[in-house]
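Have a look at the structure below, then the notes.
Values in this text are rule-based calculations from the coordinates and carry no lab data. These figures come from a predicted structure and were not determined experimentally. For neighbour counting, all protein chains shown are included, and Cβ atoms are generated from backbone atoms with ideal geometry for every residue, glycine included.
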Amino acid sequence: MTISPLQKERLLYAPKLPGMLRHGISEICVREGAETQSVADQEKIKALFPNTYGKKEITFEKGKNTSAAKKQVVGVILSGGQAPGGHNVVCGLYDALKATDANNVLYGFKGGPSGLLEDDYIEFTDDFIDQYRNTGGFDIIGSGRTKLETEEQFAIAAEVAKKHGITAIVIIGGDDSNTNAAVLAEYFAAHNTGVQVIGCPKTIDGDLKNEDIECSFGFDTATKTYSEVIGNIERDANSAKKYWHFVKVMGRSASHVALECALETQPNICLISEEVAEKKMSLSSIADYIADSVAARAAKGMNFGVAIIPEGVVEFVPEFSVLISEINELLAGSKADEFNALPTWKDKYAFIENGLTKESMAVFAILPETIQQQLFLERDPHGNVQVSLIESEKLFSALVKAKLEERRKAGTYSGKFNPLHHFFGYEGRCAFPSNFDADYCYSLGYNAFMLIQYGYNGYLSKISNLSKPADEWIAGGMPITKMMNMERRHGEDKPVIRKALVELDGKPFKFFEANREKWAVETCYTFPGAIQYYGPSSVCDITTKTLALEKGE
């Protein structure tokens, strides 16, 4: 395998561990905290998880290791979308496991949860794992989105575990993956399999967090990667002075990525989906809001700017959500075949006009034709519109252009508006992890093994105090059920981990809110530059603006 000079250097980087995990495994003990309960629907969650609910939070600290000595055979799974640092979770898990007993074994199940069900795995060795230290991606074993949620799947997983003598399984994933980890842990406990399940919090979207999980891994690196490129675009915009750049960033359910990138780069516009929903903003009002910035800057001779658009913002626009619901209903069952058989877009448009309410048709009519057609692209497995396929950055630039033309005709606008479009998503998911993510992920993996060694099941590996230097981080664990509530999914009530949305009364949003009027009119761009791996800690180990603001720093 050919590797770059940077990768050669990164392979040699020694991740920093929290102070209490540096004592040597024989000198790490457990301090138990209070019993826990779920964030909501306590009785329902307790009834669904009788064997794993209400367990105590725990913290690791210096002291005599009192865990029972036994050979550990551990399986690890990467689940869901990629996030920078995943390889280091595996490396931290492997190093702790081997430091305890060289005879311990780590299996990597390939291609996500399906690897466990299909018994498709590799056994990690020093030589193999050393190729992946501090690197981006999930290519060490691959990932997948198979859900572990049926009794049949759990039974297969138990059989595979029994076949290999597996004592624990570590699932590295987001909210859905860790929900599955909790359900699998409950099954294993209920059937006395002796197999533990530990989760690790991963997602670049930043929506797997709460009072215990300060940050999901990958968020730091991904937002720094996007912010670097947005900063480059800002510099280019301020140099050429003739383009408005509309930049869509990942984050379908929450706007943490967009907000962090805005805090890092200070663009002229950043939409926050949660605010759009809170204020019940229409497409027209959002377009007017952006057009106001374009016009104000044009009046100062600045016919350029940068707008950040969260991937899922259109789902938070009430009138658009109603439109999507009506389209889903319009194409339900055999009606989809009838629609698809129509020969021209004109015929299809008439079909749509016939089937939508007057209010939704009014919304549909103002959309650019390309966006209208995107709403009728390939459906998801449930027959619904795939909102993530909608090019919202092009939607809003088109709506803004129409607004500006109206103002031009009214004599209130005389500037130029030349939009360019970008989508930053996959570019950040497999980047070389920042020092923060390299350290954080290695700690999560190392800590996961400590939870295994002490016999915990249905727990999430937890590293906190993350805004401080790594030696001040606190390692421990919390029951996954603590994060759960009941939600309606596909017509059924399901236990799920509650997604964390941007808090409009939180410090990060309040800081943004206090500055955005100035940013909208003036050119206040900041240029974060590339992620730094070598140099002063104040540059190399710095965390996100979001975390710093949340911790009052």
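Find which of ASN238, ALA34, PHE424 sits farthest along the positive direction of the dipole of the chain, computed with +1 on the beta-carbon of Lys and Arg, -1 on that of Asp and Glu, about the Cα centre.
Ranked along the dipole, the leading option is ASN238.
With viscosity set to 0.890 mPa s and temperature to 25 °C, compute the Stokes-Einstein D of the stretch 431-553, Rh being the Kirkwood radius across alpha carbon pairs; µm²/s, no decimals. Kindly include the intermediate steps, with their values, before the conclusion.
Details: Rh = 17.8 Å.
Calculated translational D: 138 µm²/s.
Set the Förster radius R0 to 45 Å, insert the Cβ-Cβ distance between ASP130 and LYS507 as r into 1/(1 + (r/R0)^6), and round the FRET efficiency to 0.05. It would help to have the intermediate numbers written out before the result.
Numbers: r = 41 Å, r/R0 = 0.91.
So the FRET efficiency works out to roughly 0.65.
Hey, got the dipole for the stretch 296-339? About the Cα centre, +1 on K and R Cβ, -1 on D and E Cβ, debye to the nearest 20?
540 debye
Please compute the alpha carbon radius of gyration of the stretch 37-127, then divide it by the globular-protein estimate 2.2 N^0.38 Å. Two decimals is fine.
Taking N as the residue count of the stretch 37-127, the ratio is 1.39.
How would ARG297, ARG488 line up from fewest to most surrounding beta-carbon atoms within 10 angstrom?
ARG488, ARG297
At a Förster radius of 35 Å, what calculated FRET efficiency corresponds to the Cβ-Cβ distance of GLU427 and PHE339, to the nearest 0.05?
Calculated value: 0.50.
Provide Rg and Dmax in Å for the chain, with only Cα atoms included in the calculation.
In Å, with Rg to one decimal and Dmax whole: 25.0, 81.
Put +1 on the Cβ of every Lys and Arg and -1 on every Asp and Glu Cβ in the chain; which of ILE169, SER461, THR523 then has its Cα farthest towards the positive end of the dipole?
THR523
With the contact rule set at Cα under 8 Å and sequence spacing of 6 or more, what percent relative contact order holds for the chain?
Details: 1130 pairs, mean separation 134.5, N = 553.
This gives 24 percent for the chain.
Hey, got the Cα dimensions of the stretch 69-194 along the principal axes, in Å, largest first?
37, 35, 21
Could you tell me which residue out of THR179, ILE204, ILE129 lies farthest along the dipole of the stretch 127-215 toward its positive end? Charges go on the beta carbon: Lys and Arg +1, Asp and Glu -1, centred on the Cα centre.
The Cα lying farthest towards the positive end belongs to ILE129.
Could you give the distance between the Cα centres of the stretch 508-553 and the stretch 286-322, to the whole Å?
When both Cα centres are located, 22 Å separates them.
Quote the FRET efficiency, to the nearest 0.05, computed for GLN42 versus ASN303 with a Förster distance R0 of 56 Å and r equal to the Cβ-Cβ distance.
That gives a FRET efficiency of 0.50.
About its Cα centre, what dipole magnitude does the stretch 400-553 give when the only charges are +1 on Lys and Arg Cβ and -1 on Asp and Glu Cβ, stated in debye to the nearest 20?
The dipole of the stretch 400-553 has a size of about 740 debye.
Restricting to bridges with both residues inside the chain, how much of the DSSP beta-bridge set is antiparallel, in percent to the nearest 5?
If we restrict to bridges inside the chain, about 40 percent are antiparallel.
Explain nothing, just the number: dipole magnitude of the chain about its Cα centre with +1 on each Lys and Arg Cβ and -1 on each Asp and Glu Cβ, in debye rounded to the nearest 20. Walk me through the intermediate numbers first.
Values: 59 positive and 74 negative charges, 200 e Å.
Charge dipole of the chain: 960 debye, to the nearest 20.
Can you give me the Kirkwood hydrodynamic radius for the stretch 94-148, using every pair of distinct Cα atoms, in Å to one decimal?
Every distinct Cα pair counted, the radius reaches 12.2 Å.
Fewest first, what order do TYR413, TYR459, TYR534 take by the number of other Cβ atoms within 10 Å?
TYR534, TYR413, TYR459
Just the number, please: Stokes-Einstein D of the stretch 1-80 in µm²/s, Kirkwood Rh from C-alpha pairs, 20 °C, 1.002 mPa s.
Approximately 124 µm²/s, per Stokes-Einstein.
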